[in-house]
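S.K.: I'd like to ask some things about the structure below.
Every number in this text was worked out from the coordinates using simple rules, so none of it is lab data. Remember, it's a predicted structure, so these values are computed and weren't measured experimentally. No Cβ is skipped: glycine too gets one built from the backbone with ideal geometry, and neighbour counts run over all protein chains shown.
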Amino acid sequence: MTGNGSAIIIGASGGIGAALADALQVDGHHDVIHRFARQLPAPHSIDITDEASVAAAAAWVHDSGPPPRLVIVATGLLHAQGQQPERKLADINADWMAQSFAVNTIGPALIAKYFLPLLPRRGRTVFAMLSARVGSIGDNRSGGWYSYRASKAALNQLVRSFAIAEARRNPDALVVALHPGTVDTSLSAPFQRGVPIEKLTSAAAAAVNLQRTLETLTSAETGRIFAWDGSEIIP
């Protein structure tokens, strides 16, 4: 046992989430790695759109062993069942927008509600959520993708607010949003055609990049948004 508590990956059945969990397992820095995903059997199943499911997962972590010092939320929704990001105003659909916010914003908020209180009040802790550069308002120069952009922008605002609250509990806490880059996963698959091969990253490489970035950040940088290479993204 390392004495460094547990690490939690939520969304561990996705490309980036699975790669992060595997990398942490190999790293051996934490006592145990908890993988959560909707597709996994109990007690590691979680539906982030169902508050009771999120609460049950957090309660199980609380009762199962060392407290978490690292939580990574690797969930997200960009397209589904024929629904693609909107390219023009006429494509806006209320149901799709609500679904985007349910997965990209409200779900992560519920995770924060139940999992942030599990983190110790002393010593370095990390709570990271995968976001996206297109969620940056200041960096938006092309428009479109209304639901995804708005839901990720809202997530970035939540991260800032969560960081302020968590700093009151533990001054050494780090709460950040992370942009993993364009990663070769099912989420980005329909949009890879115009991406130069050198800018398309494997899930394994993305996991290493995100780990490296988290290792370099300190509590002084809590509440901010960082890309996979450690550079800061404007809100």
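S.K.: Give me VAL54, VAL134 sorted ascending by neighbouring Cβ count inside 10 Å, so fewest comes first.
M.R.: Fewest-to-most ranking of VAL54, VAL134: VAL134, VAL54.
S.K.: Let me ask you something else. Students often get this wrong, so try it: which of (i) 49, 40, 36; (ii) 52, 35, 33; (iii) 43, 40, 36 is Cα extents along the principal axes in Å as calculated from the structure shown?
M.R.: For Cα extents along the principal axes in Å, the calculated option is (ii).
S.K.: Here is a follow-up. Based on the Cβ-Cβ distance from LYS199 to ASP27, what FRET efficiency comes out when R0 is 22 Å, to the nearest 0.05?
M.R.: 0.25
S.K.: Among PRO68, GLY17, LEU174, flag the residue with its Cα farthest along the positive direction of the charge dipole of the chain, charges on Cβ as +1 for Lys/Arg and -1 for Asp/Glu.
M.R.: Going by the charge dipole, the pick is LEU174.
S.K.: Would you please give the residues with an amide H less than 5 Å from that of ASN4, counting only those at least 5 places away or on a separate chain, with H modeled from the backbone geometry?
M.R.: ASP31
S.K.: Using a cut-off of 16 Å between alpha-carbon atoms, which aspartates and glutamates can reach LYS113, once sequence neighbours fewer than 8 places away in the same chain are excluded?
M.R.: Partners within reach: ASP47, ASP50, GLU51, GLU166.
S.K.: Also, quick follow-up: Could you list ARG38, ARG122 so that the one with the fewest beta carbons within 10 Å of its beta carbon is first and the one with the most is last?
M.R.: By the 10 Å Cβ count, ascending: ARG122, ARG38.
S.K.: Now a separate question. Could you give the size of the charge dipole of the chain about its Cα centre, using +1 on the Cβ of each K and R and -1 on the Cβ of each D and E, expressed in debye and rounded to the nearest 20?
M.R.: 420 debye
S.K.: Once amide H atoms are placed 1.01 Å from N in the peptide plane, what residues at a sequence separation of 5 or more from THR182, or on another chain, have their amide H within under 5 Å of its amide H?
M.R.: Answer set, sorted by chain and number: THR201.
S.K.: Can you tell which of SER186, ILE111, ILE137 lies farthest toward the positive end of the dipole of the chain, using +1 and -1 charges on the Cβ of basic and acidic side chains (Lys, Arg; Asp, Glu)?
M.R.: The Cα lying farthest towards the positive end belongs to ILE137.
S.K.: Add -39500 (n - 2.57) for each DSSP H run of 4 or more in the chain, then divide by its residues: what number comes out at 222 nm, to the nearest 500 deg cm²/dmol?
M.R.: On the way: 6 runs with 82 residues, N = 235.
The helix contribution divided over the chain gives -11000 deg cm²/dmol.
S.K.: How large is ³J(HN,Hα) for each residue in segment 91-100, as worked out from phi by the Karplus curve 6.51 cos²θ - 1.76 cosθ + 1.60 (θ = phi - 60°), to whole Hz, x for Gly and Pro?
M.R.: Using θ = phi - 60°, the values come out as 7, 4, 10, 4, 5, 5, 4, 5, 5, 4 Hz.
S.K.: Say we join alpha carbon atoms closer than 10 Å with springs in a Gaussian network model of the chain; which of ASP172, ASP22, ASP91 then has the biggest fluctuation?
M.R.: Evaluated over the chain, the most mobile residue of the options is ASP91.
S.K.: LYS88: which lysines have alpha carbons under 19 Å from its alpha carbon, excluding same-chain residues fewer than 8 sequence positions away?
M.R.: The reachable lysines, counting only those whose Cα sits under 19 Å from LYS88, are LYS152.
S.K.: Now for a separate question. Within 10 Å of each residue's Cβ, count the other Cβ atoms and sort ARG212, ARG69, ARG168 from fewest upward.
M.R.: By the 10 Å Cβ count, ascending, the order reads ARG168, ARG212, ARG69.
S.K.: A follow-up question, please. How large is ³J(HN,Hα) for each residue in segment 5-20, as worked out from phi by the Karplus curve 6.51 cos²θ - 1.76 cosθ + 1.60 (θ = phi - 60°), to whole Hz, x for Gly and Pro?
M.R.: x, 9, 10, 10, 10, 9, x, 6, 9, x, x, 6, x, 5, 5, 5
S.K.: Between beta-carbons, use under 14 Å as the cut-off and find the net charge around ALA102, counting Lys and Arg +1, Asp and Glu -1.
M.R.: Numbers: positive: ARG38, LYS152; negative: ASP47, ASP50, GLU51, ASP95.
Taking every Cβ under 14 Å from that of ALA102, the sum is -2.
S.K.: Continuing with this model, one more query. Can you give the extra length, in nm with one decimal, that the chain gains between SER53 and PHE191 once fully stretched, where that is 0.36 nm per residue apart less the Cα-Cα distance?
M.R.: 46.5 nm
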